[in-house]
Amino acid sequence: MRAEVSKLSIPVIRPAQGRDIDSAAQLVVRLKRLNSEFDPMFTVRDDCLETAKQYLQEAIADQSGVVLVAEVKGKIVGLVKADLKDRRFYEPKTAGAIVDFYILPEHRRRKLGENLIQTTIEKLKQKGAQIVTAEFPSQNVIATNFYEKNGFRRLVCIYAAKSSEE
């Protein structure tokens, strides 16, 4: 019986489905709120949850990218969304871009993040990606350390300025 209980707590990584949208959207909102802590240019809009649901619904239906969830005992505890991008002027020509990645804090530091990233890379490779990038706020040192530990390196810098005062 004890082995059964511990087996149930092993995360299952799988493609996101329509039934996952409500739970997965909550994780997207948590990620966006976390991003807002790093810079005010990431201020979360009031309609973030509704937008996240539509965003995930479109991404799951599109199937050109990758949307994976990590599930423990029927609960969605992690999410990754990645897109394919055309690198028009560069070789390799096709890249996978991890644009959203979040794991509930109580499920971190247990290799789930590494497994989720590796599964995402494999899925992107199957879709033609020859390199994989990750996008996150530049001041997120935890994300920087995580990705570097998993074989990523800095590639581009993006700077931002408001175009007008509000």
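Just a few scattered comments:
- Neighbour-count ranking [beta-carbon atoms within 10 angstrom, fewest first] of ARG30, ARG109: ARG109, ARG30
- Taking amide hydrogens as placed 1.01 Å from N in the peptide plane, the amide H of VAL132 sits under 5 Å from those of GLY96, each at least 5 positions away in sequence or on another chain.
- Neighbour net charge for LEU49 - beta-carbon separation under 13 angstrom, K R +1, D E -1: +1
- Which of SER164, SER9 has the fewest Cβ neighbours within 10 Å, and the rest in rising order: SER164, SER9
- For peptides 18-27, 73-82, 36-45, sequence by mean Cβ density within 10 Å, most packed first: 73-82, 18-27, 36-45
- For segment 61-166: rounded, prolate or oblate by the Cα gyration tensor [a/c cutoff 1.5]: oblate
- For ASP86, net neighbour charge (Lys/Arg +1, Asp/Glu -1) across residues whose Cβ lies under 14 Å away: +3
- 222 nm mean residue ellipticity, helices alone, for the chain (DSSP H n ≥ 4; -39,500 (n - 2.57); rounded to 500): -12000 deg cm²/dmol
- Partners for LYS53 among lysines (Cα-Cα distance below 22 Å; same-chain residues under 8 apart left out): LYS32, LYS75, LYS81
- What the phi angles of segment 20-27 give under the Karplus curve with 6.51, -1.76 and 1.60, with θ = phi - 60°, is a coupling list of 8, 4, 4, 5, 5, 4, 4, 5 Hz, glycine and proline written as x.
- The gain in end-to-end length when the SER64 to SER163 segment is fully stretched comes to 32.4 nm, 0.36 nm per residue minus the alpha carbon separation.
- Among residues other than GLY65 with Cβ under 11 Å from its Cβ, the summed charge is 0 (Lys and Arg +1, Asp and Glu -1).
- Cut-off 19 Å, label 7 Å out along Cα→Cβ of GLN118, residues of segment 70-100 by amide N: 70-72, 78-81, 98
- Estimated FRET transfer efficiency (LYS93, ARG33; beta-carbon r; R0 41 Å; 0.05): 0.70
- Ascending count of other beta-carbon atoms within 10 Å, so fewest first, for PHE89, PHE146: PHE89, PHE146
- Relative to the dominant Cα principal axis of the chain, helix 48-62 is inclined by about 80°.
Rule-based calculations on the coordinates, nothing more; no lab input. All values reported here derive from a predicted model rather than from experimental measurement. Note that each Cβ is placed from the backbone with ideal geometry, even for glycine, and that neighbours are counted across all protein chains shown.
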